[in-house]
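FYI, it's all coordinate maths here, none of it is from the lab. Note that the coordinates shown come from a computational prediction; the quantities given were computed from them, not determined experimentally. Note that we place each Cβ from the backbone using ideal geometry, even for glycine, and neighbour counts take in every protein chain shown.
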Amino acid sequence: MAETTTAYAGNTYIADLAPGSLITQDGQIQWAGLLIGPGTPFAVDRTGLSGWEDLPEYDSSDADRPTSHGAWPGSRFAKPRKVGGTIVLMPGYQEVPEALRALRQSLALLDEERWLTVRLHGELLAVRARIAQRVVPADQGFATQGSSRMSVQWLASDPRRYVVNEQTVSTTAPQPESGLVWPLTFPLSWGEAKSTGDAVAVNTGSAPCHPVIVFRGPCSSPTVTERTSRRRLRYAIDLAAGDELVVDTGAGTVMLNNSASRRHTAMADSNPEELFALEPGRTELSFRPDWAAPEAQMTIHWRSAEW
């Protein structure tokens, strides 16, 4: 197949490519720019991956009952996800040196996380991860033919697995109805609002996900409220035309025009950014700045998440 000769060509295998951009069939794994699995020199052992479909380990705040049986249930927070597997290295004899260089560089100890994507039954899911372990037995087969059964383990600081396609929804600030038209005619019509300022985000997965929310001016005190829980993000800042306030709820950052932090502008009735998550299912959000021009906008970006 074509991917056999291009999966580790040049420097693409060390690049943080878009998740799943190299995958063409079930059973394949993409680690950064390296493709593993059917159609490549890097086969996955029949035992497959460990830790991919498992629930991650978790910390619990359950408290034992001092005068009764059992405990009071508390919160549970998932620990980083460990994903491991055995890769069977079977390159052609002429490809051995290049295949080994690809593995050494892509499976190195790096500080930055990259996308690890797996396709099973037509479904692509991805995590941000780093290499935690690489074990390559230098046995006779490896020395003479370059073949080996190597063990690899990844560690994902965020244990949730995300769909590869990012979803987006936008809304402008609420705009009033046009009102009655004179002379009056029955039945009366008040017109329709050009914008309600409301948006719906649907997390199709089983785990909560953290959206990135972008406020665009002109507006003052940009505010978003989750209509069921009443969680709110609200900032005491005026945005001019062309200004963007980007709130990354997962990272807990609030950046103005990608250059200056404005997290300190959060108002007293604003929740911590990290607590503003989209639960599985449908979430209704309202954009309610104190003042906004018709072109002011709120855009929400998210990836549905699975445990």
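Express in whole angstrom the spacing between the alpha-carbon centres of the stretch 235-278 and the stretch 74-88.
Answer, in whole Å: 31.
Shape of the stretch 167-306 from its Cα gyration tensor (a ≥ b ≥ c, root eigenvalues): rounded if a/c is under 1.5, otherwise prolate when a/b > b/c, or oblate?
Numbers: a/c = 2.44, a/b = 1.48, b/c = 1.65.
The shape class here is oblate.
Could you order peptides 212-224, 75-87 by the average number of other Cβ atoms within 10 Å of their residues, highest first? Can you show the working numbers first?
On the way: 212-224: 21.8, 75-87: 16.3.
The peptides rank, most packed first, as 212-224, 75-87.
So how far apart, in nm, are the two label points at GLU166 and GLN133 if each is 7 Å from Cα heading toward Cβ?
Computed distance between label sites GLU166 and GLN133 equals 3.4 nm.
Treat the count of other C-beta atoms within 10 Å as a stand-in for reagent exposure and order ARG46, ARG160 from fewest to most. The partial results should precede the final answer.
Values: ARG46 7, ARG160 23.
The most exposed by this proxy come first: ARG46, ARG160.
Consider a paramagnetic label point 7 Å from the Cα of LEU109 along Cα→Cβ; state which residues of the stretch 124-142 have an amide N under 12 Å from it.
Of the residues in the stretch 124-142, 131-134 have backbone N under 12 Å from the label point off LEU109.
Just to confirm the number: angle between the C-alpha axis of helix 96-106 and the first principal axis of the chain, 0 to 90 degrees, nearest 10?
Between the helix axis and the principal axis of the chain, the angle is about 40 degrees.
As a footprinting exposure proxy, order SER170, SER61, SER195 by other Cβ within 10 Å, with the fewest listed first.
Details: SER170 13, SER61 10, SER195 16.
Arranged by neighbour count, lowest to highest, SER170, SER61, SER195 become SER61, SER170, SER195.
All other residues with a Cβ under 9 Å from the Cβ of ALA32 taken together, and with Lys, Arg as +1 and Asp, Glu as -1, what is their net charge?
Values: positive: ARG114; negative: ASP16.
Within the 9 Å Cβ shell, the charges total 0.
Give me the distance in nm between label points sitting 7 Å out from Cα along the Cα-to-Cβ direction at THR24 and THR47, one decimal.
With each label point 7 Å from Cα toward Cβ, the separation is 3.0 nm.
If you place +1 on the Cβ of every Lys and Arg and -1 on the Cβ of every Asp and Glu, how big does the dipole about the Cα centre of the chain come out, in debye to the nearest 20?
Values: 28 positive and 35 negative charges, 73 e Å.
Dipole of the chain, to the nearest 20 debye: 360 debye.
In the stretch 2-163, what is the volume of the convex hull around the alpha carbon atoms, normalised per residue and reported in Å³? Before the final figure, lay out each step's value.
Values: hull volume 22.9 nm³, N = 162.
Value for the stretch 2-163: 141 Å³ per residue.
Under a plain spin-label model, where a point goes 7 Å from the Cα along Cα-to-Cβ, how far apart in nm are ASN258 and TRP72?
Between ASN258 and TRP72, the label points sit 4.8 nm apart.
Going by how many other beta carbons lie within 10 Å of each one, how would you line up THR204, THR249, fewest first? Show your work: numbers first, answer last.
Details: THR204 13, THR249 23.
The order, fewest Cβ neighbours first, is THR204, THR249.
Per-residue ellipticity at 222 nm for the chain, helices alone: DSSP H runs ≥ 4 residues times -39500 (n - 2.57), over residue total, nearest 500 deg cm²/dmol? Working shown, then result.
Working: 3 runs with 22 residues, N = 307.
Taking each H run of at least 4 residues, the total per residue is -2000 deg cm²/dmol.
Where a ≥ b ≥ c are the square roots of the eigenvalues of the C-alpha gyration tensor, would you call the chain rounded, which needs a/c under 1.5, or, failing that, prolate if a/b is larger than b/c, or oblate?
On the way: a/c = 2.62, a/b = 1.90, b/c = 1.38.
Prolate, because a/c is 1.5 or more and a/b exceeds b/c.
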